[in-house]
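The values are calculated or read from the model by the stated rules, or taken from the named source; none is laboratory data. What you see is a predicted model; the values in this text were computed from it and never measured. Note that each Cβ is placed from the backbone with ideal geometry, even for glycine, and that neighbours are counted across all protein chains shown.
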Amino acid sequence: MESVRRKDVPVVTVLDPKFKYEVAREPGGENIKYCFQCGTCTSGCKVAELDSKYNPRKIIRMVILGMRERVLSGDFIWLCATCYTCHERCPQDVRIPEVMNALKNIAVREGYIHPAFRAQAELIAGHGRLYEVDGFANEKRTDWGLTEIPQGCPEVAEIYGITGLHDLLSGGAGGKV
Amino acid sequence: MLQDTGKEPRIGVYVCHCGLNIAGVVDVEAVRESARFLEGVVVVRDNRYTCSEVGQKGIADDIREFKLNRVVVASCSPRLHEKTFRTLLEKSGLNPHLLEMANIREHCSWVHYDNHEAATGKAKDLVRSSVARARLLQPLARTKGRVLPEVMVIGGGVAGISAALYLGGMGIKTYLVEKEPSIGGHMAMLDKTFPTLDCSLCILSPKMVEVAECENIKILSYSEVEKVEGQVGDFRVQVRRKPRYVNEEKCVGCGDCAEKCPVKVKDEFNRNMGTRKAIYIPFPQAIPPAYVIDEHNCRYLTQGKCKICQAVCERGAIEYDQTSYVETIEVGAIIVATGFQPYDPRGLPQYGYGRFPNVITSLDFERLICADGPTYGKLKRPGDSTVPKRVAFIQCVGSRNEASGGAEYKIDIDEEMGSSAGSRDPKAYCSRVCCMITAKQAFMVKEKYPDAEVYVYYIDMRTAGKGFEEFYQRGRHEGIVFLRGKPGEIEEQEDGCLRVVSEDLDSGCILDLVFDMVVLAQGLTPPEGLVEFAQKMNLSRSEDGFLMEGHPKLRPAETAIDGIYLAGCVQFPKDIPDSVAQAGAAAAAAAVMCSKESIEIDPLGPVIDDKLCIGCKLCEMLCPYGAIKVELTDKGPKAKSIEVACKGCGVCGASCSTKAITMKHYTDSQLTAQAKAILEVV
Amino acid sequence: MKMAVFLGCTVPVRNLSYELSAKRVAGELGLELVDIPDFSCCGYPVKSVHHETAYLLAARNLALAEERGLDICTLCSACTSVLTEVSRELATNEILLDETCKSLGMLGRQYSGKVKVKHFVRVLYEDIGLGTIEKAVKRPLDMFRIASHYGCHYLKPSKIYDGFDHPEAPESLDRLVAATGAFPVDYRTKKDCCGGAILGVDEETALSMARAKLDDISNRGADAINLICPFCSVMYGANQRKIGAGLNVKYDLPILYYPQILGLAMGISHEELGLMQNPIRPRALIAKIS
């Protein structure tokens, strides 16, 4: 029988106990299980101060509890400004920005990527840089007495191929994004 | 006698299951079988518990039946049961040094719990190497050592005072060594104690007076231990007596000298918040109740002129010509009670201690609220001497902190924080007392200033102790607000007030609050110089930096060195009742030791072959205990061991270039055989 | 002293005056900056998407510097962080170095872990030294109040930066500003982040973060912000008007790159330092100095 629940109470009945280990296996996620929920991270977080969607302590809590889908599909994990203030202060050395990176890396593999990050990754694959250095730009550089910069860098695309990021982004070879 | 080392070794090997401690990981039967055909082995067995009555009887029976002359026990650390099995050998007519233990629990099953196969392999290796060494073991004669019925207590805080009083009360002559001019330690600096709110000095000073009056206790104040030699029952301790420049016997503490002294300096007892004179008494109830001249600031001692104090002292107690000297004291046992030093929050600059005057520590708070403190008990914030109306406390400053970014910063902020500044490196452990200290101090603010707003930021409140939870409840009832959530930073505003942002975990809000004063609940860290002190005493420290107890459960007041005991915070942070209780335990253990007429001493140490010794002095230079000296003999310079000073560390034996030195019970051939066997590919 | 200068993505296209002034000042101070045209993106922007790719991009850049036997001098703080992190990892983690070399091998490159990375300003602070800088000053800027924005990755995570400055109480930029004779302005939000990293995710929050600092610095009466990162420059320069427009406020806070400040103090003309090419043209400032 369904129990009676109030609408505004988030009730979680299924947790994934393996999620915390999964995150701990990612580079940067190693120390996540040390978190004792002191709130030091959130207290100094400028993003959290402005946007209630982002609360690093709560995100870590959700990971430890095993709310896998909710975390990976949430847009909040993309809100970390990687300022490393919390990283410096965390008394348990949880390295929160690196944990966020670990979560984003998993999310990407699961098919969730923030459009802004996808766009950046694709630009870099295409030009070797975030911004294309076109003829106009190089002309300006030469005018200023600065060296010309080659347009594009094919090795970057090769790197995407080697690491599998190319497949991930194009949705081929098991890539879901 | 059954033992005869001339005969072929007849070894019995006993592999212990230790319930499932070993057998749960190591295949004990396989280890047993691996030893069956090793050279010299006559009998192999495995036992559920080798240390049990049944296990021991089995070994005793085998010694008789199989005429064993060596015994190898593969079980736990020798620190636990070596004594048990040595006694068993002795009772069975074997020299106790014919026992060899292989540690297949701490060194094997416990650390390799996740790899049964490798652990079993390692256990086999350890047993094989123990058998190899056992074949070469020699019987050694123990010597009898004298036991001096006197004890030294190092450290005159509440733990040292309590230990000395217990010992003195038992009629045992006790030396109480204190590096400061007065005994009393940190407890003398506290205003009140939790959870009863007793005035700290009101309960401590009667004990201090008792110490002074006890005829069995001699206080060596303003003194530090420089060197310890000898062993249990017979220690020789060199104590550096610093000059007070005031004759302790003559001084009656009238204070005329200080009144006239023209030099004012910061008062370290008041955490540098007040001033004292260059001739001073740390606090009115000081024991011994004698003044002391601070030689770094005394005008006469630094510039050669003044002598005002000498002129005004009617009893002629001022003695500028006193010098420091070393006194050697012989005792049978030593209790180490050198306490702690508070964490120095300058290691966490985000809290601004040392930069923002109105951010203080818990110990600063004690002085600020104490009637004898720099403000005569009126809580005034150091920045502008106003009474704070909004006070915040932040818990776990320097405690429960694995790493803060992990970097070693090159930073210097206001070096003038006084002698009680402690370690700046945050500590991983919980300092145990800060929750209650904070609850007490928050309560005291409310008690003195009922209108004050008092907030306590915490991670977890730990109030396990008699009357503690009730006190915490009382604090909440008084209106103290406890906030779960640690602030990351303190910002100073232009008016000296402090802005604290935190996440209030319970309401889910970000709290952005301003306070007049913030008190940092500093953790407790090992006392200054403990590393060097531990080296001098040959004591081990635990990972947290404090001195290691003999056994974490069963020998909490002992150390790994016989005859040296621990009391108080030098072992780990603890509150006053726990310090006193441990002092009692240490005193009892020391008294048991000192009640013996003599003790048997393990015959460890070097045997020097004069024919090989070339008198090169390498051993003398390397010995950390000054226990080996090269003397001129009729055959030229030869090394001589000073047995009483030797601790058997083996440095001389390992370093001797001509192999003239052999360590008893750890001979080169024994160790080489052991090493070869463990590296053997089976 | 000779180093490879790592320009990153933004500087060579959008912050030419930063590059120009850095190279100009470096030359004067005996620091030879060598361009390596094959450098790509440092890897930082893809770290949160694909860790391995970010590491390999960084490793390739390190390998290019190693081929020429040079350490790297960076102009962007984000590049500094990822290149430093990866260079330190590869110098100490043999397994990772092995794996990385296998991948680099596919590109026909190799790396042995020797390259060290430092931000341009850290090179000035640590290697050139405040003493030399003070001596090079010919025109002290004592008429200016300058607020330094440290940003994040110049100092943090501190464990990869050997503690050369303290992220909780930083002083290197203020001391460098003071060395030019200008008055270093202290302000409450000094350590805060510009918000640049989330501009594409939540523009409102990112701009609010930048705004908090713009307000604070303006209120302290600063003549300019001292910047050392093109990422931050996007927030305070390119977006300054946008932030103001949303609030009906007109900010007029010039941004200067540290080598421009130093260059001015060394007596180099504002044209040679590209001051008028900055996102906010510091007209008043130039007028004041000449």
Positions within the stretch A:124-144 being of a type in the set (A, V, I, L, M, F, W, C) and more than 7 Å from chain C (Cβ to nearest Cβ), in sequence order: A:Ala125, A:Phe136
B:Val292 vs. criteria under 35 Å from the mean Cα position of the chain (by Cα), among the hydrophobic types (A, V, I, L, M, F, W, C) and surrounded by fewer than 16 Cβ atoms within 10 Å (Cβ to Cβ): no
Single residue of C:Glu52, C:Glu66 found to be surrounded by fewer than 24 Cβ atoms within 10 Å (Cβ to Cβ), more than 15 Å from the chain's Cα centre (by Cα), at the interface with another protein chain (Cβ under 9 Å from one of its Cβ atoms) and not in a loop (DSSP other than H, G, I, E, B): C:Glu52
Number of the condition not met by C:Leu31 [criteria: (1) within 28 Å of C:Asn278 (Cα to Cα); (2) at pLDDT 95 or above; (3) at the interface with another protein chain (Cβ under 9 Å from one of its Cβ atoms)]: (3)
Matching residues, the stretch C:41-56, being farther than 17 Å from A:Glu155 by Cα and touching a Lys or Arg at 6+ places or on another chain (Cβ under 6 Å): C:Ser48
Residues of the stretch A:33-60 satisfying the condition of being under 21 Å from A:Ser73 (Cβ atoms), within 11 Å of chain B (Cβ to nearest Cβ) and among the hydrophobic types (A, V, I, L, M, F, W, C): A:Ala48
Where a residue in the stretch B:520-543 is over 21 Å from B:Ile360 (Cα atoms) and free of Cβ contacts under 8 Å to residues at least 40 places away in the same chain and its partner, wherever it lies, is crowded, with 21+ Cβ neighbours inside 10 Å and aromatic (Phe, Trp, Tyr), with Cβ under 9 Å and at least six apart: B:Ser542/B:Phe572
Subset of the stretch B:34-76 that is among the hydrophobic types (A, V, I, L, M, F, W, C) and in a loop (DSSP other than H, G, I, E, B) - its residue that is surrounded by the most Cβ atoms within 10 Å (Cβ to Cβ): B:Leu68
Those residues of the stretch B:340-382 which are acidic (Asp, Glu) and within 20 Å of B:Pro426 (Cβ to Cβ), in sequence order: B:Asp344, B:Asp364
Only one of A:Val63, A:Val94, A:Val23 that is aliphatic (A, V, I, L, M) and within 12 Å of chain B (Cβ to nearest Cβ): A:Val94
Hits in the stretch B:630-674 (condition: assigned to a helix (DSSP H, G or I) and surrounded by 14 or more Cβ atoms within 10 Å (Cβ to Cβ)): B:Val651, B:Cys652, B:Gly653, B:Ala654, B:Ser655, B:Asp668, B:Gln670, B:Leu671, B:Ala673, B:Gln674
Residues located in the stretch C:1-13, provided they are at the interface with chain A (Cβ under 7 Å from one of its Cβ atoms) and surrounded by fewer than 24 Cβ atoms within 10 Å (Cβ to Cβ): C:Thr10, C:Val13
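Residue by residue, here is whether (1) in the same structural domain as A:Asn31 (by TED's automatic domain parsing); (2) of a type in the set (S, T, N, Q); (3) at pLDDT below 95 holds:
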residue	(1), (2), (3)
A:Leu103	yes, no, no
A:Tyr131	no, no, yes
A:Gly145	no, no, yes
A:Gly164	no, no, no
A:Lys176	no, no, yes
In the stretch B:150-199, residue nearest to B:Glu215 (Cα to Cα) [restricted to those that are among the acidic types (Asp, Glu) and part of a loop (DSSP other than H, G, I, E, B)]: B:Glu178
Residue ID - surrounded by the most Cβ atoms within 10 Å (Cβ to Cβ), chosen from residues in the stretch C:69-89 that are outside any helix (DSSP H, G or I) and β-branched (Val, Ile, Thr): C:Thr74
Any hit, the stretch A:104-116, residues being at positive phi, at the interface with another protein chain (Cβ under 7 Å from one of its Cβ atoms) and touching a helix residue (DSSP H, G or I) at 6+ places or on another chain (Cβ under 9 Å): no
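Listed here are the residues, each with its yes/no results for (1) acidic (Asp, Glu); (2) part of a helix (DSSP H, G or I); (3) within 10 Å of chain A (Cβ to nearest Cβ).
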position	(1), (2), (3)
C:Gly200	no, no, yes
C:Glu204	yes, yes, yes
C:Met209	no, yes, yes
C:Asp215	yes, yes, no
C:Gly221	no, no, no
C:Ile225	no, no, no
C:Phe231	no, yes, no
Qualifying residues in the stretch A:75-87 (those that are more than 8 Å from chain C (Cβ to nearest Cβ) and under 11 Å from the mean Cα position of the chain (by Cα)) - the one farthest from A:Ile106 (Cα to Cα): A:Phe76
The stretch B:77-133 - residue that is modelled with pLDDT of 95 or more and of a type in the set (Lys, Arg) and, of those, surrounded by the fewest Cβ atoms within 10 Å (Cβ to Cβ): B:Lys91
Condition met for C:Val86 (aliphatic (A, V, I, L, M) and either more than 10 Å from chain A (Cβ to nearest Cβ) or in contact (Cβ under 8 Å) with a residue 40 or more places away in the chain (or both)): yes
Residues (within 18 Å of the chain's Cα centre (by Cα) and more than 7 Å from chain C (Cβ to nearest Cβ)) located in the stretch A:146-167: A:Gly164, A:His166
Residue ID - surrounded by the fewest Cβ atoms within 10 Å (Cβ to Cβ), chosen from residues in the stretch B:399-441 that are modelled with pLDDT under 95 and touching a strand residue (DSSP E or B) at 6+ places or on another chain (Cβ under 7 Å): B:Gly418
Condition met for C:Lys138 (exposed (fewer than 14 other Cβ atoms within 10 Å of the Cβ) and either within 20 Å of C:Lys213 (Cβ to Cβ) or basic (Lys, Arg) (or both)): yes
First in the stretch B:294-305 and over 16 Å from B:Val246 (Cβ atoms), second anywhere and of a type outside the set (Val, Ile, Thr), Cβ under 7 Å, 6 or more apart: B:Lys305/B:Arg299
Qualifying residues in the stretch C:217-237 (those that are without any contact (Cβ under 8 Å) to a residue 60 or more places away in the chain and out of contact with any Cys (no Cβ under 6 Å at 6 or more places or on another chain)) - the one surrounded by the most Cβ atoms within 10 Å (Cβ to Cβ): C:Gly237
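Results for (1) away from chain A (no Cβ under 14 Å); (2) part of a helix (DSSP H, G or I); (3) more than 22 Å from C:Gly196 (Cβ to Cβ), shown as yes or no for each residue.
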{"position": "C:Ile146", "(1), (2), (3)": "yes, no, no"}
{"position": "C:Gly151", "(1), (2), (3)": "no, no, no"}
{"position": "C:Lys156", "(1), (2), (3)": "no, no, no"}
{"position": "C:Lys159", "(1), (2), (3)": "no, yes, yes"}
{"position": "C:Asp162", "(1), (2), (3)": "yes, no, yes"}
{"position": "C:Asp165", "(1), (2), (3)": "no, no, no"}
{"position": "C:Leu173", "(1), (2), (3)": "yes, yes, no"}
{"position": "C:Gly181", "(1), (2), (3)": "yes, no, yes"}
Every residue from the stretch C:183-198 that is of a type outside the set (Ser, Thr, Tyr) and more than 7 Å from every other protein chain (Cβ to nearest Cβ): C:Phe183, C:Pro184, C:Val185, C:Asp186, C:Lys190, C:Lys191, C:Cys194, C:Gly196
